[in-house]
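To start, the structure under review is shown below, and the notes come after it.
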There are 2 protein chains.
Amino acid sequence: MAEKKLVEAITSMSEDFAQWYTDVVKKAELIDYSNVKGCMVIKPAGYAIWENIQRQLDERFKATGVENVYMPMFIPESLLNKEKDHVEGFAPEVAWVTHGGLAPLQERMCVRPTSETLFCDFYKGDIHSYRDLPKVYNQWCSVVRWEKETRPFLRSREFLWQEGHTAHATAEEAEARTEQMLNVYADFCEEVLAIPVVKGRKTEKEKFAGAEATYTIEALMHDGKALQSGTSHNFGDGFAKAFGIQFTDKDNKLKYVYQTSWGMSTRIIGAIIMVHGDDSGLVLPPRIAPTQVMIIPIQQKKEGVLDKAYELRDRLKGFKVKVDDSDKSPGWKFSEQEMRGIPLRVEIGPKDIEAGKCVICRRDNGEKIEVALDELESKVGELLDQVQADMLAKARKHLESHTYVATNREEFEKLFAEKSGFVKAMWCGERACEEEIKEKMSVSSRCMPFHQECLSDKCAYCGKPAKKMVYWGRAY
Amino acid sequence: MAEKKLVEAITSMSEDFAQWYTDVVKKAELIDYSNVKGCMVIKPAGYAIWENIQRQLDERFKATGVENVYMPMFIPESLLNKEKDHVEGFAPEVAWVTHGGLAPLQERMCVRPTSETLFCDFYKGDIHSYRDLPKVYNQWCSVVRWEKETRPFLRSREFLWQEGHTAHATAEEAEARTEQMLNVYADFCEEVLAIPVVKGRKTEKEKFAGAEATYTIEALMHDGKALQSGTSHNFGDGFAKAFGIQFTDKDNKLKYVYQTSWGMSTRIIGAIIMVHGDDSGLVLPPRIAPTQVMIIPIQQKKEGVLDKAYELRDRLKGFKVKVDDSDKSPGWKFSEQEMRGIPLRVEIGPKDIEAGKCVICRRDNGEKIEVALDELESKVGELLDQVQADMLAKARKHLESHTYVATNREEFEKLFAEKSGFVKAMWCGERACEEEIKEKMSVSSRCMPFHQECLSDKCAYCGKPAKKMVYWGRAY
Ligand SMILES: [Zn+2]
Ligand SMILES: [Zn+2]
């Protein structure tokens, strides 16, 4: 039964991108819908990707001095209420616990939608002196936001993420950490996930509830829509003042700390799917793929074929390799391997064995390469590196070729009517202008990129004097 | 400020074991109390231990074919209610979510206290054929039980754990998996945590709500109290029948699956503390210690001392090693290293450098060993192995010397009045007898060990014919 589900054709991307996404997510067996409304079950193939993300991101965090901790999952209402902007941003979408055991709670608590308030409450008791600073803590956990519309990975009521929360003695140090972590995310996306991103700052309208500044990395999906892929917030001393987090500095004066937070979630798996996937299913970059090489024996019942397949597997132990020795047909196995996005397929049959070679097929571009068995290990290593590099190049080319420039309203509207992608345009910096764009065109400011260009001296939408270049887009 | 807190003396074990425990947990900076009642903050030193447990246990799981997944954290009330014994066991101690966003929920949901019901609901839709079996899934997550009395690690309203949930085609396979996972836990405890355990089966009274059989590993703490350290449950087809989880077998007949579940939690950190700790603080087995070797320079301001310390650190890169180059005194650093339970301390000062040696001090027994600098790497490796082995031997000796035998009621009562530890005694197998023992003596049956001995033919408590040998104890 499981077989049947896999090899049925999926909807093509060009026909219905949303349905294609849902098909891939289901048929590559990444998730299943659960009977808990708005929550998903992450299945082994999906969770293994998340484990690889966790491990590699966690290593990068620790290399910058991050320490992992674990905070409670509940936030008493009075604690959530302490920072005004923050509570306004989150209170409408939290789940409330009102009873513990058989009795009503004296004070209701929400399930954390994010943990700034808990970290602040902890730091208040834990930070006393400049010697206690900086605190550079992170936690891996799940959070809950009571979304009305949900989609696998992209928006669900519960999702997995990491949230870093730091406290510093100076505003400069907090700013440096905010930028450092954004760069960790951007480098991780490019180097590991083969996803190029635009780095920049969110507008006042789009920034995180309670932040002074929010930095973001924005990726472009295959359908030309943007996906916010990681954010890093500088809180200044706003939370510290709301929560009373003070320390005695070297000059013996009592000062407020400066704080940051930064997060990346299972949402990024949605980006992997929508940046790299194709009409045959998932396409995983080798550095994140739970299985990098699938060996598929041809005519496996012939003597020596399966043994040879196992021998090749053993020789490829330095990679994540499997043999598909099930009793399905080779064609079926090819489809499965493609649907699951496994980067390389090694085909080995009686004729190959006789000729001392095998055929390697690249998932990313379908290319078939004859490889002498002698050279297998080195060739597989080279090919995996090549696939990784080519996938990034291809995604970068897509990003670049789908980034447009508008210098006036006509161009701006025409681009969003006819094209899909990012539109770079100058902006006046006024919230009313941004809100009108969002309302009339369903287009949001993705970020004010760090790399600013001067495209004109007027706001492309309203014509007032320009302050910033902005990336605009339709977003997930 | 942080310094002051650390080096204050802690309560001695013999004076007040409970206070000693609390002191160690706080002063080794493993946890902090939070303002969320009954929930703890796991600080970096505590979480790093949990990360090491996770990594090593997860490796052992995967070697037996386990795949990780993630289920929702919420359980709709109707789903929790499906298995009668299970809901009776858990409903009194769950936290209820009644509102999502600004609106009341149509059906309230509890935060998972354990996830049998969610896995069953998922398996019902995911398992159709014998080809879909076995399912051997696990998740790492946090769970919530609304406890009234809480203690760090041992009992808190939220705790971290893993929960494995499997489904099998036959009762035999389920039974084999139940036993296999108990053995994984037992081996992990002995080989990694240096904690010897007694393996056995829980009585009907003490088994898990909804299980046919619960197996347990029981460890003995330094104060002679028992700690249930991991459990593995065989559900037979009870849950499958309650949830309707059926598959078509090879003989084309529709059958119910057989299920198991098994878990180990952050509670085990409490066991590490109470099995190995002493009046100077935590004592960590090398295989679980986040830092295995702390190098402490003596007279570090003298030329060459710090450089030498860093050189030794670089040479010890194969281990988890740090240099304490803070401006505290060596004595202070010694106390900190001891409080944190770091297995080896390397002392290096000007005289040592001149003599081409250093002093290594073992945390577990205080022994000081002069080591020629030439032999540092090999000696540190040997010592870590030795410490690991000696800690297990010591804990085993404690377990054996605190396991007593009672053959009649007088002996049974006298042992629990005068000694602390396990008491092995024959039991009639009747629940009323077990309940009387618990009520009158605050003693519970820990397990019916797999390794049964025949100590007498009568129940040591009531004198009726004996059915089983039981380990009795006072428990955390
Ligand atoms: Zn404007
Ligand atoms: Zn009896």
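Just so you know, all these numbers are worked out from the coordinates, no wet-lab data involved. These numbers come from a predicted model, not from an experiment. Quick reminder, even Gly has a Cβ in these numbers, built from the backbone with ideal geometry, and neighbours come from all protein chains shown.
Could you work out the mean count of beta carbons from other protein chains within 10 Å of each residue's beta carbon in B:121-133?
The mean count of partner-chain Cβ atoms within 10 Å per residue comes to 3.
For q values of 0.08, 0.16 Å⁻¹, compute log₁₀ I(q)/I(0) with the Debye formula on a Cα-only model of the range B:15-276, without solvent.
Evaluating at q = 0.08, 0.16 Å⁻¹ gives log10 I(q)/I(0) of -0.33, -1.28.
Expressed as a whole number of Å, what is the distance separating the alpha-carbon centroids of the range B:172-192 and the range B:383-430?
Cα centroid to Cα centroid, the span is 22 Å.
If you wrap a convex hull around the Cα atoms of chain B, how much volume per residue is inside, in Å³?
172 Å³
Excluding residues fewer than 8 places away in the same chain, name every one of the lysines whose C-alpha is closer than 23 Å to that of residue A:37.
Straight-distance partners of residue A:37: A:26, A:27, A:148, B:82, B:124.
Going through the range B:102-203, which trypsin sites (Lys or Arg not before Pro) have at most 14 other Cβ atoms within 10 Å and a DSSP loop state?
Sparse-neighbourhood loop trypsin sites (Lys or Arg not before Pro): B:148.
Place the label 7 angstrom along Cα→C-beta at residue B:255 and in each other copy, then list the distances from the first to the rest in nm, shortest first.
Relative to the other copies, residue B:255 has label-point distances of 7.1 nm.
Mind giving me the FRET efficiency for residue A:307 and residue A:451? R0 is 56 Å, r the Cβ-Cβ distance, nearest 0.05 is fine.
The calculated FRET efficiency here is 0.50.
Rg/Rh for the protein assembly as shown: what does it come to with C-alpha atoms and Rh from Kirkwood?
0.98
PRE reach from residue B:190 (point 7 Å along Cα→Cβ): which of the range B:379-409 fall under 17 Å by backbone N?
Only B:388-401 fall inside the zone, counting backbone N under 17 Å.
How far is residue B:85 from itself in the other copies, in nm, if each label sits 7 Å out from Cα along the Cα-Cβ line, shortest first?
5.5
Can I get the semi-axes of the range B:379-448's equivalent ellipsoid? Compute them from the C-alpha gyration tensor as square roots of 5 times the eigenvalues, in angstrom, largest first. Don't jump to the answer; show the numbers that get you there.
Numbers: eigenvalues 252, 30, 18 Å².
Semi-axes, largest first: 35, 12, 10 Å.
Every other copy gets compared here: list the nm distances from the residue A:330 label point (7 Å along Cα to Cβ) to its counterparts, shortest first, one decimal.
7.1
Among A:192, A:269, A:234, whose Cα lies farthest out toward the positive end of the dipole of the range A:169-295, if unit charges sit on the beta carbon of Lys, Arg (+1) and Asp, Glu (-1)?
Going by the Cα projections, it comes out as A:234.
What is the mean number of Cβ atoms from other protein chains located within 10 Å of the Cβ atom of each residue in peptide A:82-94, rounded to a whole number? Mind showing how you got there, number by number?
Details: counts 0, 0, 0, 0, 0, 0, 0, 0, 0, 2, 2, 3, 5.
The per-residue average across the peptide is 1.
Report the label-to-label distance for residue A:103 and residue B:63 in nanometres (one decimal), using points 7 Å from each Cα along the Cα→Cβ vector.
4.7 nm
From other protein chains only, count the Cβ atoms within 10 Å of every residue's Cβ in A:310-319, then give the mean.
0
If you average the C-alpha positions of the range A:278-301 and of the range A:15-59 separately, how far apart do those two centres end up, in angstrom?
Using only Cα atoms, the two centres lie 17 Å from each other.
Scan the range B:245-348 for GluC sites (Glu not before Pro) in coil per DSSP, keeping those whose Cβ has at most 10 other Cβ atoms within 10 Å, and list them by number.
For GluC sites (Glu not before Pro) across the range B:245-348 that sit outside H, G, I, E and B with at most 10 neighbouring Cβ atoms in 10 Å, the list reads B:303.
Determine which residues of the range A:303-326 fall in the zone a paramagnetic label at residue B:129 would reach in this model, i.e. backbone nitrogen under 15 Å from the point 7 Å along Cα→Cβ.
It comes to A:326, nothing else.
Please work out the C-alpha center-to-center distance from the range A:198-226 to the range A:88-148 and express it in whole Å.
Cα centroid of the range A:198-226 versus Cα centroid of the range A:88-148: 24 Å apart.
Among residues other than residue B:451 whose Cβ falls under 14 Å from its Cβ, what is the net charge (Lys/Arg +1, Asp/Glu -1)?
Numbers: positive: B:199, B:201, B:424, B:446, B:468; negative: B:179, B:218, B:400, B:453.
Net charge in that neighbourhood comes out at +1.
Quick one: if the Förster radius is 35 Å, what FRET efficiency do residue A:386 and residue B:400 give, using the C-beta to C-beta distance and rounding to 0.05?
0.05
222 nm [θ] for chain B, helices only, -39500 (n - 2.57) per DSSP H run of 4+, per residue, to 500?
Roughly -11000 deg cm²/dmol at 222 nm, from the helical runs in chain B.
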